[in-house]
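First, the structure itself, so that you have it in front of you.
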Amino acid sequence: MINVVVPLTLPAKETEDTGHAEPRPFIPVSGRPLVQHVVENIRPSFDHQFIYVVDPEVMTMHRRRSLGISSDSQVVYSWSAPRTMAAAVCMARESIDMSEPLVIAACEQYIDVDLDRFYIAGMDVGADAAVLTFPGDRTPKYPTSMVYKNRVVEMSEHRVISELANAGVYYFKDGQTFFDAAVSALTKTHAEDSALTMAGIFNTLIEGGSNIVPCPLPEGVFKPLHTSIDLSLFAARNDLQVQRAS
């Protein structure tokens, strides 16, 4: 079974006003909260469990219902307000099976392909971890990964080190791999990357000789969901698809 952790506690990367009072994951898009679109997009077709890390101060009963909590999901409440994705995942340690594959996904992107191929690729090639990448624009808007001979050899959260930007979805062969790297990363100082970022976690694995593989996306399938413009474009595309289907 794959554990899929979705942190909903993180501050938005963009400061542009979205015009909504709701926290970003719960902003209505085409009549549903943004998080529902993201979760449907990343949901594996095989056995899985979703784990949402949330701020209890913003998790009203209405918002909890909007997550569609079911038997395949858990909610972890974090009072400490983690500022990074890696730190938020650490808050869910007790809910993650250390022996099962772990997927970590942000709630600010839509990937317009079947992501089962990404999960299966990570498992089939025997990778210790994998990162979904897309063609970036060489701006520091997204973390980037440097690849050599089909292996990730460095990841940066803030510096642009390649044209491969990270798409916000990460795979680990098991929960233990992630948490061992997190503990190790806390004892190290990376030049420009905080140890509790995903880049800090991956660089620790790379330094230890782990096999980290990139999974590149075709041009145009990565859809950012950061700004009000991003959300409007996504809603328009989604509404158009619904109209065509009907």
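Could you give the radius of gyration (one decimal) and Dmax (whole number) of the Cα atoms in the range 144-231, in Å?
Every Cα atom of the range 144-231 included, Rg and Dmax give 13.8, 41 Å.
Further, regarding this structure: Name the GluC sites (Glu not before Pro) in the range 55-154 that are in a loop by DSSP and that have at most 11 other C-beta atoms within 10 Å, would you?
Values: sites: Glu57, Glu94, Glu108, Glu154; in loops: Glu57, Glu108.
Passing sites in the range 55-154 are Glu57.
Out of residues 5 or more away from Val53 or on other chains, whose amide H comes under 5 Å of its own, with H placed 1.01 Å from N in the peptide plane?
Val6, Leu8, Val76
Do the sum for the chain: with -39,500 (n - 2.57) for every DSSP H run of n ≥ 4, divided by all residues, what is the mean residue ellipticity at 222 nm, to the nearest 500 deg cm²/dmol?
Values: 7 runs with 69 residues, N = 246.
Result for the chain: -8000 deg cm²/dmol, rounded to the nearest 500.
Measuring from label point to label point, each 7 Å out along Cα→Cβ, what is the Ala21 to Asp112 span in nm?
Once both label points are built, they end up 3.4 nm from each other.
In nm, to one decimal, how far is the modelled label at Val58 from the one at Ser232, with both set 7 Å along Cα→Cβ?
Distance between label points: 2.2 nm.
Still on this model: Along the range 157-171, what does the Karplus equation 6.51 cos²θ - 1.76 cosθ + 1.60 (θ = phi - 60°) give for ³J(HN,Hα), rounded to whole Hz, x for Gly and Pro?
With coefficients 6.51, -1.76 and 1.60, one gets 7, 10, 7, 8, 10, 6, 8, 9, 8, 7, 8, x, 10, 10, 10 Hz.
What spacing in nm lies between the two simple spin-label points modelled at Thr139 and Ser45, each 7 Å away from Cα in the Cβ direction?
My value for the distance between the label points is 3.6 nm.
Among the lysines in the range 103-242, how many pairs, 8 or more places apart or on different chains, have alpha carbons under 25 Å apart? Before the final figure, lay out each step's value.
Numbers: Lys141/Lys188; Lys141/Lys223; Lys149/Lys173; Lys173/Lys188.
Close lysine pairs found across the range 103-242: 4.
What's the longest piece of the chain with no exposed chymotrypsin sites (Phe, Trp or Tyr not before Pro), counting a site as exposed if DSSP puts it in a loop and it has at most 12 other beta carbons within 10 Å?
On the way: sites that count: Phe46, Trp79.
Maximal segment without exposed cleavage sites: 80-246.
Using the Kirkwood radius built from alpha carbon pairs, what does the Stokes-Einstein equation give as D for the chain at 20 °C and 1.002 mPa s, in µm² per second? Provide the component values of the computation, followed by the final result.
Values: Rh = 18.3 Å.
The calculation lands on 117 µm²/s.
Between Glu94 and Tyr148, what is 0.36 nm times their sequence separation minus the Cα-Cα distance? Round to one decimal in nm.
Working: separation 54, 0.36 × 54 = 19.44 nm, distance 3.54 nm.
Difference between extended and current length: 15.9 nm.
Counting DSSP beta bridges with both partners in the chain, what percentage is antiparallel, nearest 5? Don't skip to the end; give the middle numbers.
Numbers: 21 of 40 bridges.
Antiparallel bridges: around 50 percent, rounded to the nearest 5.
Read-outs: derived from the displayed coordinates by stated rules, not from any lab. Just so you know, these numbers come straight off a predicted model, no measurement behind them. Every residue, glycine as well, gets a Cβ built from its backbone with ideal geometry; the counts of neighbours run over all protein chains shown.
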